[in-house]
Amino acid sequence: MEHLMTSEEVAELLHVDPVTIRRLVNKGELAAYRIGADYRFAPSDVEAYLQRQRISARAGEEQDTEMKTPLDPLGPFVRNVLQGNGRTCTRCGTPCPTYFRYCFNCGQQFTEET
């Protein structure tokens, strides 16, 4: 059996406050054993957490094209609006991408000729 570490030991190891360690446990990001009112941590669980937090450096390589945040799907929309691709609402004059059925500013429905 591995030696289990306290919240304070893990906090000292990671150079954070013990409250941060408890928050990570409560959010489900760091696995722990509940012993009475305290948490105990297996070194392998702390190492697994650290591996999930690792950001690898890629010198000279292009960034991944996969989505990384919930806002990434907005990229094509913003690009279309900024480049002027699409149609302009006849009511409010807002440029909207062609794949929108309604103006996102005023809500007017587009017709096929708009």
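The values are calculated or read from the model by the stated rules, or taken from the named source; none is laboratory data. None of these values were measured; they are calculated from a predicted model. For neighbour counting, all protein chains shown are included, and Cβ atoms are generated from backbone atoms with ideal geometry for every residue, glycine included.
Against the numbered list (1) surrounded by 10 or more Cβ atoms within 10 Å (Cβ to Cβ); (2) modelled with pLDDT of 70 or more, Thr114 comes up short only at (2). Taking the stretch 1-44 as the range and being hydrophobic (A, V, I, L, M, F, W, C) and in a loop (DSSP other than H, G, I, E, B) as the test, the residues that pass are Met1, Leu4, Val16, Leu30, Ala31, Ala32, Ala37, Ala42.
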